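Notes follow once the structure below has been shown.
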Amino acid sequence: MCGIVGVTGTEDAAKVILEGLKRLEYRGYDSAGLAIVRPDGQHVVKEKGKIRNLEAKLNADDMVGTCGIGHTRWATHGAPNAVNSHPHTSGDVALVHNGIIENYNALKVNLGKQGHVFQSDTDTEVLVHLIDELYKGDLVNAVQQALQVVDGAFGIAVTHSDHPDLIVGARRGSPLVVGVGEGSNYLASDVAAIMGQTRQVIYLDDGDMVTLTPEGVHTFNIDNETVTKEIQEITWDLDAIQKGGYEHFMLKEIFEQPQTIKDSFRGRILAEAGDVKLGGIHLTDWELRNIRRIVILACGTSWHAGLVGEYLLEEYARIPVEVEYASEFRYRSPIIEPGTLCLVMSQSGETIDTLEAMREAKRKGAKIMGITNVVGSTIARESECGVYIHAGPEIGVASTKAFTSQVTILALFTILLGRRNILSADRGTQMLNELKLLPELVQKVLDQSDHIKRIAEVYAKHTNCLYLGRGVNFPIALEGALKLKEISYIHAEGYPAAEMKHGPIALIDPDMPVVVIATKDGSYGKIVGNVQEVAARDGKIISIVTEGDTEIAALSDHVITIPETMNIWTPLLSVVPLQLLAYHIAVIRGEDVDQPRNLAKAVTVE
């Protein structure tokens, strides 16, 4: 969840580290720090709050050096303050760490008996003291010995004053990427941190270690066996992680959706055959026809996308689907029958709960298909087959464009399976031709942003909100409520519209806004009745309706329209006004839209 940046070579290390940490701010953090290796020892500066607070504290003369490590922390053990910030030190060793050391208490007791004194409340400080205790002149050996006795997840970067040009990195459960440059080499938790320095990268796998010096990098494992890794090239531009004139990354990413949806289906449509080609799915037609059950594993927004996929796959491919919270899946005894395919969904490809659920499903014999956004991510590498959603870097913590790209991929996969079961070529062609129109239709919804902003001004001071939807729009109600919660801190809940009278209707009064997704589909007549129930109790109704609707519009206080499309594509339109509504409400309330409190972009700890 945190950010790591390291550099060794010929550059001003402090400058490179600060620039890299700023590019990782989107991941969420509460403090920052860096350590520069100098001939007279480690020079460490760390501070609570934003990176600008750290910059203000730096003494330029003290930070001169060409080797160093930096970190942005998201608190797990110990309060967010300067003492608990990384890097942590012991003797001449400095360390930054993402993850959790689960047996830190027992290790701390033993180290205390050997005279080690701890300054912080963190699990990380125990690891740096352990490395210091084991150090006998060989830093790599000390790190290897330490990692053999710790339990938990880690991505670490370690330096020592005796080795002023050396960084040692190691990974288990928390991502690390090596940047290969000319005269300098880099270590980071995300490629975004080092995009300004190099495009040549090496992705580390669990159990990998690496040493970086100005002369080069060496990859090996904890048993000191050399591991050969492929150098890959980053293909996206640095501009992709800039705001491009928008006030916030989230707004930019909402408005990118016409393009990102197009990128998700580009080159994958066989319209004349009414079929889909997904190159990363290495399953034969026979294997596809013999899928008997699909389990979707995901968390948060990806879980909502999975719920949309459940509706689509069952309706158009006639395959039973279960959508599981990845965080719960491996802590019970899931039943994986022959013919089960697990779809594993994560924007980052590094979500620890989803990754571990995938590994549990694999152990139980399921076929694994990954759906992720990040090339080279752990889920992408460990899946048997998979599909990239091609949404481009998503910087805003609250996911928007990745959600619509995930839904697009799930719909394409639905058509692919459907064509091998019950879906006719004509029906497939009709669906895919309609998909080609979606980017233009999404743009029509985005053009209503100012109208949605005026609605947001009416409701920005409210403290509660209900979201209602039926059928495939029920998951969209959940996603709309989540967006409002994430960035505006307004309590919001999503429900199937018919469930309102089984409890939530007790909350309806003039101070309770109710957002209703009421597009024209098979359940339209039923949701009209649900809206009437809200109106009868003086609830304030914001309705998302199909263009030309008059019945629900007449019952509503505010109306947002979306163009008419086939039911399979409706979620890609109905979610967009909910993203904009949450965004505008949060901005009006003065909240930090891109970095909401307590949240992080890539959740790599349990």
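The values are calculated or read from the model by the stated rules, or taken from the named source; none is laboratory data. Just so we're clear, the structure is a prediction, and the values are computed from it rather than from any experiment. Ideal geometry is used to build each Cβ from the backbone, glycine not excepted, and the neighbour counts take in all protein chains shown. All accessible areas refer to the heavy atoms of the entire protein, side chains included, with ligands and DNA or RNA removed. Shrake-Rupley method; radii C 1.70, N 1.55, O 1.52, S 1.80 Å.
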Checking Ala380 against (1) part of a helix (DSSP H, G or I); (2) closer than 17 Å to Gly300 by Cα; (3) of a type in the set (Gly, Ala, Ser); (4) open to solvent by 10 Å² or more (accessible area, probe 1.4 Å), the condition it does not meet: (2)
Starting from segment 579-594, take each residue that is on the phi > 0 side of the Ramachandran plot and without any contact (Cβ under 8 Å) to a residue 40 or more places away in the chain and list its partners that are assigned to a loop (DSSP other than H, G, I, E, B) and open to solvent by less than 20 Å² (accessible area, probe 1.4 Å), counting only C-beta distances under 8 angstrom and pairs at least six apart or across chains. none
Checking Ile281 against (1) over 30 Å from Ser424 (Cα atoms); (2) surrounded by fewer than 20 Cβ atoms within 10 Å (Cβ to Cβ); (3) among the β-branched types (Val, Ile, Thr); (4) touching a strand residue (DSSP E or B) at 6+ places or on another chain (Cβ under 9 Å), the condition it does not meet: (1)
Output yes when any residue across segment 316-323 is in contact (Cβ under 8 Å) with a residue 60 or more places away in the chain, closer than 18 Å to Gln406 by Cα, crowded, with 21+ Cβ neighbours inside 10 Å and over 23 Å from the mean Cα position of the chain (by Cα), and no when none is. yes
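Can you name every residue in segment 289-315 that is among the hydroxyl-bearing types (Ser, Thr, Tyr) and more than 15 Å from the chain's Cα centre (by Cα)? Before you say what the answer is, go through the steps one by one.
Just the residues of segment 289-315 that are among the hydroxyl-bearing types (Ser, Thr, Tyr), to begin with: 301-302, 311.
Hit for segment 289-315 is Tyr311, nothing else.
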Search segment 150-165 for residues that are within 17 Å of Tyr186 (Cβ to Cβ) and pair each with any residue that is open to solvent by 20 Å² or more (accessible area, probe 1.4 Å) when their beta-carbon atoms are under 6 Å apart and the residues are at least 6 apart or on different chains. Asp165/Thr213; Asp165/Pro214
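In the list Gly99, Gly70, which residue meets the criterion of being in contact with a Gly (Cβ under 8 Å, 6 or more places away or on another chain), part of a strand (DSSP E or B), at pLDDT below 90 and not aliphatic (A, V, I, L, M)? Working first, answer last.
Details: Gly70 fails: at pLDDT below 90.
Going through Gly99, Gly70 in turn, just one is in contact with a Gly (Cβ under 8 Å, 6 or more places away or on another chain), part of a strand (DSSP E or B), at pLDDT below 90 and not aliphatic (A, V, I, L, M): Gly99.
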Reported set for segment 119-149 where residues are out of contact with any strand residue (DSSP E or B) (no Cβ under 9 Å at 6 or more places or on another chain) and closer than 22 Å to Lys48 by Cα is Asp121
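Would a scan of segment 548-560 turn up a residue that is among the β-branched types (Val, Ile, Thr), over 19 Å from Ala498 (Cα atoms) and within 31 Å of the chain's Cα centre (by Cα)?
Just the residues of segment 548-560 that are among the β-branched types (Val, Ile, Thr), to begin with: 550, 552, 559-560.
Retained after the next criterion (residues that are over 19 Å from Ala498 (Cα atoms)): 550, 559-560.
Pick out the ones that are also within 31 Å of the chain's Cα centre (by Cα) and you get 560.
Yes, segment 548-560 contains a residue that is among the β-branched types (Val, Ile, Thr), over 19 Å from Ala498 (Cα atoms) and within 31 Å of the chain's Cα centre (by Cα).
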Over segment 326-366, the set of residues in contact with an Asp or Glu (Cβ under 9 Å, 6 or more places away or on another chain), open to solvent by 30 Å² or more (accessible area, probe 1.4 Å) and acidic (Asp, Glu) is Glu328, Glu356
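Taking the residues in segment 446-469 that are of a type outside the set (A, V, I, L, M, F, W, C) and surrounded by 23 or more Cβ atoms within 10 Å (Cβ to Cβ) as candidates, determine which candidate is modelled with the highest pLDDT. Step through it out loud before you land on a result.
Within segment 446-469, the first condition is being of a type outside the set (A, V, I, L, M, F, W, C), and the residues that meet it are 447-451, 453-454, 457, 459, 461-464, 467, 469.
Narrowing further to those that are surrounded by 23 or more Cβ atoms within 10 Å (Cβ to Cβ): 467, 469.
Values: Tyr467: 95, Gly469: 92.
Residue satisfying both the conditions and the ranking: Tyr467.
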Gly20 being in a strand (DSSP E or B), surrounded by 24 or more Cβ atoms within 10 Å (Cβ to Cβ) and either of a type in the set (S, T, N, Q) or at negative phi (or both): no
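Can you find a residue in segment 409-426 that is within 17 Å of the chain's Cα centre (by Cα) and not in a loop (DSSP other than H, G, I, E, B)?
Keep residues of segment 409-426 that are within 17 Å of the chain's Cα centre (by Cα), which gives 409.
If we keep only those that are not in a loop (DSSP other than H, G, I, E, B) too, we end up with 409.
Looking through segment 409-426, at least one residue is within 17 Å of the chain's Cα centre (by Cα) and not in a loop (DSSP other than H, G, I, E, B).
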Checking the structure you have, find out if any residue of segment 497-507 is part of a strand (DSSP E or B) and either open to solvent by 10 Å² or more (accessible area, probe 1.4 Å) or over 30 Å from Asp123 (Cα atoms) (or both). no
As an exercise: evaluate Asp138 against (1) among the acidic types (Asp, Glu); (2) open to solvent by 40 Å² or more (accessible area, probe 1.4 Å); (3) in contact (Cβ under 8 Å) with a residue 60 or more places away in the chain and give the number of the one condition it does not meet. (3)
Hits in segment 529-559 (condition: assigned to a strand (DSSP E or B) and more than 17 Å from Arg470 (Cβ to Cβ)): Lys540, His558, Val559
Within segment 451-495, residues hydroxyl-bearing (Ser, Thr, Tyr) and either in contact with an Asp or Glu (Cβ under 7 Å, 6 or more places away or on another chain) or not in a helix (DSSP H, G or I) (or both) come out as Thr463, Tyr467, Ser488, Tyr489, Tyr495
Within segment 256-292, how many residues are touching a helix residue (DSSP H, G or I) at 6+ places or on another chain (Cβ under 6 Å) and over 16 Å from Gly418 (Cβ atoms)? 7
Output yes when any residue across segment 409-426 is more than 17 Å from Ile281 (Cβ to Cβ), of a type in the set (Phe, Trp, Tyr) and either surrounded by fewer than 21 Cβ atoms within 10 Å (Cβ to Cβ) or modelled with pLDDT of 95 or more (or both), and no when none is. no
Taking segment 69-108, which residues are among the hydroxyl-bearing types (Ser, Thr, Tyr), closer than 22 Å to Glu350 by Cα and surrounded by fewer than 24 Cβ atoms within 10 Å (Cβ to Cβ)? Thr76
Sort out which residues of segment 472-496 are surrounded by fewer than 24 Cβ atoms within 10 Å (Cβ to Cβ) and touching a Gly at 6+ places or on another chain (Cβ under 6 Å), and write them in order of number. Leu478
Can you tell me how many residues in segment 542-557 are under 21 Å from Leu580 (Cα atoms) and either touching a Pro at 6+ places or on another chain (Cβ under 8 Å) or surrounded by fewer than 19 Cβ atoms within 10 Å (Cβ to Cβ) (or both)? 6
Which of (1) over 32 Å from the mean Cα position of the chain (by Cα); (2) assigned to a helix (DSSP H, G or I) is the odd one out, the single condition Val126 does not satisfy? (1)
Output for Cβ contacts, cut-off 7 Å, separation at least six or different chains, first residue at positive phi in segment 327-347, second outside any helix (DSSP H, G or I) and among the charged types (D, E, K, R), reads Gly339/Arg292; Gly339/Arg293
I need a count of the residues in segment 24-49 that are modelled with pLDDT under 85, under 28 Å from the mean Cα position of the chain (by Cα) and open to solvent by 40 Å² or more (accessible area, probe 1.4 Å). 1
Anything in segment 570-597 that is of a type in the set (S, T, N, Q), in a helix (DSSP H, G or I) and under 21 Å from the mean Cα position of the chain (by Cα)? List them, or say none. Gln579
